[in-house]
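The values are calculated or read from the model by the stated rules, or taken from the named source; none is laboratory data. Being a predicted model, the structure only gives us computed values, none of them experimental. Neighbour counts run over all protein chains shown; Cβ positions are idealised from the backbone, glycine included. Areas reflect the complete protein model, heavy atoms only, side chains present, ligands, DNA and RNA absent. Shrake-Rupley method; radii C 1.70, N 1.55, O 1.52, S 1.80 Å.
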Amino acid sequence: MNKYGAYVKFTAKPGEREALADIMLEAAAALQAMPECEIYIVNQSGKDPDAIWVTEVWSSAEAHQASLSEPATKEAIARAMPLIAGVESIPVLPLGGKGL
């Protein structure tokens, strides 16, 4: 399996987590039309009031990179950037399991 995955922590500016989560959920809905994106789950932290975690799996790292140049993706990023205080990404290589 040569898939690409990542766990991405977005730290929202104080009070902006809900608005940021809404944008991420819109992005997740838009990704339904992109078969190369196999999993895109938006999570909120139960401990950090400003954190949103995204769990994503793609058919390949190249497919993930290509998605970043899609007009809808660029628009979502532009709307999200003013709400974000920080981003931490942990790239992973999915091996398998339920859902893959």
Using a 1.4 Å probe and ignoring any ligands, DNA or RNA, find the accessible area of ILE84 and quote it in Å² to the nearest 10.
30 Å²
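For the full complex of protein chains and a 1.4 angstrom probe, list ASP48, ASP22 by accessible area with the highest value first. The partial results should precede the final answer.
Values: ASP48 45, ASP22 75 Å².
I get ASP22, ASP48, largest accessible area first.
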At 1.567 mPa s and 4 °C, plugging the Kirkwood radius over alpha-carbon pairs of the chain into Stokes-Einstein gives what diffusion coefficient in µm²/s?
93 µm²/s
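Per-residue ellipticity at 222 nm for the chain, helices alone: DSSP H runs ≥ 4 residues times -39500 (n - 2.57), over residue total, nearest 500 deg cm²/dmol?
Using -39500 (n - 2.57) per qualifying helix, the result is -9000 deg cm²/dmol.
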For ASP48, placing the label point 7 angstrom along Cα-to-beta-carbon and taking region 11-29, residues whose amide nitrogen sits under 17 Å are 11-22, 24
Quick check: residue separation of LEU95 and ASP22 times 0.36 nm, minus the Cα distance between them. What number comes out in nm?
23.3 nm
Taking every alpha carbon pair in region 19-61, what does the distance histogram look like in 5 angstrom bins from 0, in percent?
6, 22, 28, 20, 14, 7, 3
Between the DSSP loop rule and a limit of at most 10 other Cβ atoms within 10 Å, which trypsin sites (Lys or Arg not before Pro) in the chain are left?
LYS47, LYS98
